[in-house]
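Data first, discussion second: the structure below is written as structure tokens.
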Amino acid sequence: MKTTLFLGLFGLTVLASCHKNNYETSISSTTTVTNVWGDSATLEIFGESSNKSLPCAWGVSYSTYPKAYSNQREIDQNYEGASHFYKVKLRNLQNNTTYYAQPYAYVNGRRHYSDEEISFTTTPCPDMIGEVGPGGGIIFEYDCDGHGKEMFLTEQSGNWACVSNVFLSANTSTAAGTGLNNSYALSNVCSDPSAAFNECLNFNNNGYSDWYLPSLDDYETIRVNLYNQGLWNPQSTLFLTSSKYQSTYRYNYNMTTGNPSTSPATTSMAYVIVRSF
């Protein structure tokens, strides 16, 4: 096998091919590694199968050991072409660590790997979890690129205020990172300044006024990164979220168990204020 390395402006490009007499299918690939950070990296891959008649799903396997692909990421399972350009962002990597990756095609129930094996090393990343954030809160999420989320340590208490049925038209999400959009969606149907989401949106600390009420999954991140690590000892157990459940009910989060629950939107409960930076 012949391998050629190109080092350009946007990253490392590796050209390699694989010729295996396995279902008469061989895979060739060209991979470029870009945007390598402390906890993530992006692989841009062009893969091509020698067998033009078999459907292919394309992916990449990776590990911290050469030729040991314990972590697997499959892309475009329904893609049926013999060639494909795809982009994979590997997340939750360890900082300052070398990873090895190998593209493959999923053909006839089997993975057919290219002989191409690329490696990259994530950048050193300071451990910012638990440190004081720019807004004066405690950092509970950090991406090694100077961005993250912080939580104001003083617990609040309140509810969604207004009458429950006004929230019927508010579209919210439980996903991490959606708390700000949730808060605005709720504020659009209830302008009561005492509502928890409006208290958060109107909050100002250290000159920052872009705070919001966390979503359900934001609380999960807080639990994993702060509570479980002994970096935060809350006075309350249940916390209200900015995530609507159904109709006039909202999700709550149990910080002790990590389990969600529901209650009427106007039920009073503890909550925290967070912001992204």
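Quick look at the numbers
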item: For residue 263, residues with placed amide H under 5 Å, excluding near neighbours; result: 250, 252
item: P(r) histogram, all alpha-carbon pairs of the chain included - 10 Å bins from 0, percent; result: 7, 24, 22, 18, 18, 10, 2
item: Additional length obtainable on full extension of the chain from residue 119 to residue 83, 0.36 nm per residue less Cα span; result: 10.7 nm
item: Distance in nm between pseudo-label sites at residue 249 and residue 35 (7 Å out along the Cβ direction from Cα); result: 3.8 nm
item: Local electrostatic count at residue 154 - Lys and Arg +1, Asp and Glu -1, tallied over other residues with Cβ under 15 Å; result: -2
item: Net charge dipole size for the chain [Lys, Arg +1 and Asp, Glu -1 on Cβ; Debye, nearest 20]; result: 540 debye
item: In the chain, lysine pairs with alpha-carbon atoms under 26 angstrom apart (chain gap of 8 or more, or interchain); result: 12
item: Between 0 and 90°, nearest 10: helix 179-189 axis offset from the chain longest Cα axis; result: 50 degrees
item: Net +/- balance of residues flanking residue 233 in space, Cβ distance below 15 Å, scoring K and R +1, D and E -1; result: 0
item: Net dipole in debye of region 120-246 [+1 Lys, Arg Cβ; -1 Asp, Glu Cβ; about Cα centre; nearest 20]; result: 320 debye
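Any read-out appearing in this document is the output of simple, stated calculations on the displayed coordinates, not a laboratory observation. What you see is a predicted model; the values in this text were computed from it and never measured. Don't worry about glycine lacking a Cβ; one is built from the backbone with ideal geometry, like all the others, and counts go over all protein chains shown.
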